[in-house]
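Encoded as structure tokens, the structure appears first; notes follow it.
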Amino acid sequence: MIPIPITWYAIGALALALGAAGYVAYDAIEDKGRLAATIEAKDKAIAKLADDLKRQEREAKVRQEIADAADRAVVSVDVGRDVIRSRVVTIIREIRSTPDANDPAPDSLALALERVRQSDAGTGDRDEGGAAGAAPGPPARP
Amino acid sequence: MTRVEPLAPPQALLRVPERPSVPSPPVTNADAAEYLLRLYEWGLGLEAQIRATGKWVDEAKRLRAAP
């Protein structure tokens with residue numbers, strides 16, 4: 001039997017050590033790669049979440065601004081109505097103090113009011129569904 | 001562009017106020033004049049309501065379309 005030189009043992013041990021070191025290094029690199037991929041996925045998820053939150057905040061802001069605009073519209077209508085009402089109340093007071101205020105209305109006016117009253121009391125004249133189409137413009141003021 | 005689902009206008013803008021009722025006979029000059037004025041007030045109020053609703057719709061559209 002041919003004796004194996006001692007250097008071969010040394011070379012074999014070195015080769016084994018190199019293989020083990022290579023395996024450990026390779027495993028570490030693999031781990032690092034997997035970790036990097038995981039971190040990247042998490043980063044993407046966080047970025048998406050941030051985008052979603054930003055979008056939701058923006059939508060909530062727009063919704064609030066629209067609601068504020070609606071409140072302003074309601075207030076402007078109420079204020080306008082109050083102004084008109086106070087003006088009309090003043091005019092009515094003036095009319096009530098005129099000498100012929102309590103005289104019977106002329107026949108033509110009384111007839112017109114009576115016809116309107118009858119029309120309001122009926123059910124067929126109102127056209128609440130709008131079947132007759134758009135209303136004509138208001139008559140010119142006398 | 002921010003998309004927000006359409007919002008309904010507030011009920012206060014949609015509710016049509018009650019039209020003044022026609023005075024019952026016997027009608028005096030003052031009754032007739034008051035009815036006319038109340039009708040005028042009602043009409044102006046309605047006009048303001050329609051204008052405000054239209055303005056609100058335009059503003060809501062602008063806000064929704066804003067980048």
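The values are calculated or read from the model by the stated rules, or taken from the named source; none is laboratory data. Please read all numbers here as calculations on a predicted model, not as lab measurements. Methodologically, a virtual Cβ is constructed for each residue, glycine included, from the backbone with ideal geometry; neighbour enumeration extends over all protein chains shown.
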Could you check A:ARG63 against (1) farther than 22 Å from B:LYS61 by Cα; (2) at the interface with chain B (Cβ under 9 Å from one of its Cβ atoms); (3) not small (Gly, Ala, Ser) and say which number it fails? (1)
Note: among A:ASP43, A:ASP31, A:ASP71, A:ASP27, just one is within 14 Å of another protein chain (Cβ to nearest Cβ) and out of contact with any strand residue (DSSP E or B) (no Cβ under 9 Å at 6 or more places or on another chain), namely A:ASP71
When you go through A:ALA50, A:ALA45 one by one, which is the residue that is within 55 Å of the chain's Cα centre (by Cα), closer than 30 Å to B:GLU59 by Cα, surrounded by 10 or more Cβ atoms within 10 Å (Cβ to Cβ) and of a type in the set (A, V, I, L, M)? A:ALA50
Residue selected from region B:14-67 under the condition assigned to a helix (DSSP H, G or I) and touching a residue at least 60 places away in the same chain (Cβ under 8 Å), by the criterion farthest from the other protein chains (Cβ to nearest Cβ): B:ALA65
Those residues that are part of a helix (DSSP H, G or I) and more than 9 Å from chain B (Cβ to nearest Cβ), I need them from region A:90-100; list them, please. A:THR90, A:ARG93, A:GLU94
Hits in region A:94-121 - residues which are within 30 Å of B:ALA52 (Cα to Cα) and either of a type in the set (A, V, I, L, M, F, W, C) or at pLDDT 95 or above (or both): A:VAL116
